[in-house]
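Below is one structure, written out as structure tokens, with a few remarks after it.
The values are calculated or read from the model by the stated rules, or taken from the named source; none is laboratory data. Everything numeric here is computed off the predicted structure, so don't read it as measured data. Please note: Cβ atoms are built from the backbone with ideal geometry, for glycine as well, and neighbour counts cover all protein chains shown.
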Amino acid sequence: QNNDERFRPGFHFSPPSHWLNDPNGLVFYEGSYHLFYQYHPYSNKWGPMHWGHAVSKDLVHWKHMPIALFPDEHGAIFSGCCVVDWNNSSGLFEGSHGLIALFTHADTCPESGQPRQRQSLAYSRDAGHTWHKYEGNPVLAEDELLDFRDPKVFWHPQSENWIMVIVAGDHTRFYRSKNLREWSLTGEFGKGEGSHDGVWECPDLFELPIDETGRSKWVLIISIGDNPNCPEGSRTQYFIGEFDGNTFINDNPADHIMWLDYGRDNYAGVSWSDIPEQDGRRVIIGWMSNWKYANETPTGSWRGAMTLPRALSLTNRNGGVILTQMPVREIEQLRKESMSWNDVAVTPETPFMQKMNEDLLEIEADIDVRSGEEVHIGLKSSGQSEIVIGYDPEHQWLFIDRSKSGVTDFHPSFATKHGAGMVAVNGKIKLHIWLDRNAVEVYADNGLVVLTDQIFPDAPIEEVGISTQSGQVVLDSLQIYTLKSIHI
Ligand code: FRU
């Protein structure tokens with residue numbers, strides 16, 4: 001098999017062909033989840049951007065749709081959002097409702113010769129099948145801003161306004177509108193706050209309840225672009241605080257940084273709009289790549305995929321509020337066979353080893369590491385590849401080592417071992433792992449710490465091994481599921 005189909009994910013969204021980056025226009029409408037995405041339909045590298053389109057009833061199985069938005073006289077179609085205009089605030093739906101997309105038009109300013117980014121609107125009267133660009137485009141321009149992009153819009157009932165959160169290089173701005181067409185600036189946030197390792201991109205802002213407290217907080221998500229001096233490349237941070245209708249107020253000190261994901265491949269993630277209140281979930285999906293090497297990954301006719309969709313929650317930890325995330329429960333329908341073990345002692349002489357005849361896996365492991373011994377979960381191919389997910393109790397560190405994961409030589413920053421601080425609770429760790437043909441996602445402690453990484457094994461993974469170097473750990477419980485592919 002050529003690399004094209006060998007690395008085609010079995011249960012992550014990937015484009016039919018050619019280049020994909022950010023998720024765009026995530027909206028639930030008339031029974032379907034829409035996923036638009038940054039798409040270059042003529043090449044497997046980034047280029048003049050279009051919006052690709054797919055729809056799903058369950059966030060797991062996707063149907064590819066025709067390209068939704070093409071570049072036009074105002075430029076390429078960069079990232080943006082969709083909302084349902086339920087009450088025809090835009091006046092574009094003649095007594096009914098429909099979908100509005102707000103996105104960045106990117107071109108070159110004829111006077112200055114500089115890149116120019118302005119915000120535009122498109123609408124669909126047939127549930128996202130066909131799109132019309134608004135005649136008055138662009139609807140929002142700020143001539144002095146070189147970086148000004150990725151609008152995310154939501155209805156704010158408290159102030160009876162549509163709110164747009166949008167990034168401007170080193171900060172995010174807030175605009176409001178009654179009709180989704182005319183926007184006025186209400187505030188800005190971010191200079192000197194959080195990480196500025198790269199340009200700010202792809203913001204999102206929403207309110208979430210804090211587990212079992214009856215209270216809630218606002219979450220501001222900001223992706224930060226690649227910086228040649230940072231080995232991590234592009235990644236996503238978040239802030240917790242309040243939104244007063246005009247601006248965001250950070251609960252934490254300005255130098256406090258929180259990361260959404262400690263793997264290398266989760267970027268530009270934003271959440272679905274208009275998920276019904278009865279459902280109540282806030283679901284996010286990210287682009288599963290990194291600007292550091294996104295254009296070099298070893299697939300051919302297609303390139304780029306999304307993370308699993310994840311439901312977000314807030315929880316209290318050490319006096320602060322933090323985000324947790326787990327794949328949406330709909331993923332469970334992919335489970336096929338199940339195997340389980342309890343109370344297995346793992347020592348250097350008696351490693352755990354299970355051969356698999358399938359390479360799409362879900363693994364749940366509760367491990368007792370009170371001995372202080374480092375434990376490795378090794379996912380091995382029939383060839384030379386091994387992906388190691390490890391926990392080092394001494395340094396309280398959870399990591400992925402993909403240095404021997406297969407094809408790694410396409411970029412010097414790829415073959416790394418990286419991870420996150422994580423405390424074992426009562427000497428135990430709880431890991432939930434999804435393994436696909438191009439990626440591994442690790443959720444620790446019910447989604448408190450998450451690592452998402454692309455991998456390109458030299459042959460299908462066919463063995464799960466759990467091992468230690470010198471002492472013993474105990475597998476309190478271990479469950480392995482084989483998973484169905486979403487391509488039938
Ligand atoms: C983030 C990003 C956005 C931009 C888009 C262009 O990955 O750089 O800021 O709108 O990609 O494709």
**Request:** Looking for whichever is in contact with a helix residue (DSSP H, G or I) (Cβ under 6 Å, 6 or more places away or on another chain), at pLDDT 95 or above and surrounded by 14 or more Cβ atoms within 10 Å (Cβ to Cβ) here; the options are VAL83, VAL60. Which one fits?
**Result:** VAL60
**Asked** Just one of ILE224, ILE275 is surrounded by fewer than 23 Cβ atoms within 10 Å (Cβ to Cβ), touching a residue at least 24 places away in the same chain (Cβ under 8 Å) and within 28 Å of ALA439 (Cα to Cα); which is it?
**Response** ILE275
**Item:** Boolean, SER90 is at pLDDT 95 or above, touching a Lys or Arg at 6+ places or on another chain (Cβ under 7 Å) and either of a type in the set (A, V, I, L, M, F, W, C) or not in a strand (DSSP E or B) (or both)
**Value:** yes
**Message:** Show the residue pairs meeting these rules: Cβ distance below 6 Å; 6+ apart or different chains; first residue within region 156-171 and under 14 Å from GLU193 (Cα atoms) and part of a strand (DSSP E or B); second residue hydrophobic (A, V, I, L, M, F, W, C) and within 16 Å of the ligand (Cβ to nearest atom).
**Reply:** VAL167/TRP200
**Item:** Selected residue [at pLDDT 95 or above, assigned by TED's automatic domain parsing to the domain that holds GLN117 and under 30 Å from GLY91 (Cα atoms)] from PHE189, PHE174
**Value:** PHE174
**Complete:** Note on region 301-322: residues at pLDDT below 95 and within 27 Å of TYR37 (Cβ to Cβ) are SER301
**Message:** Among the listed residues GLU362, GLU349, identify the single one that is under 17 Å from GLN479 (Cβ atoms), of a type outside the set (A, V, I, L, M, F, W, C) and either surrounded by 19 or more Cβ atoms within 10 Å (Cβ to Cβ) or out of contact with any strand residue (DSSP E or B) (no Cβ under 9 Å at 6 or more places or on another chain) (or both).
**Reply:** GLU362
**Message:** Suppose we filter LEU478, LEU451 for residues that are at pLDDT 95 or above, touching a strand residue (DSSP E or B) at 6+ places or on another chain (Cβ under 9 Å) and over 23 Å from ASN290 (Cα atoms); which single one remains?
**Reply:** LEU478
**Request:** Counting only residues that are of a type in the set (A, V, I, L, M, F, W, C) and more than 16 Å from the ligand (Cβ to nearest atom), give me the strands (runs of 3 or more DSSP E) lying completely in region 278-364 with at least 3 of them.
**Result:** 310-317, 320-327, 335-346
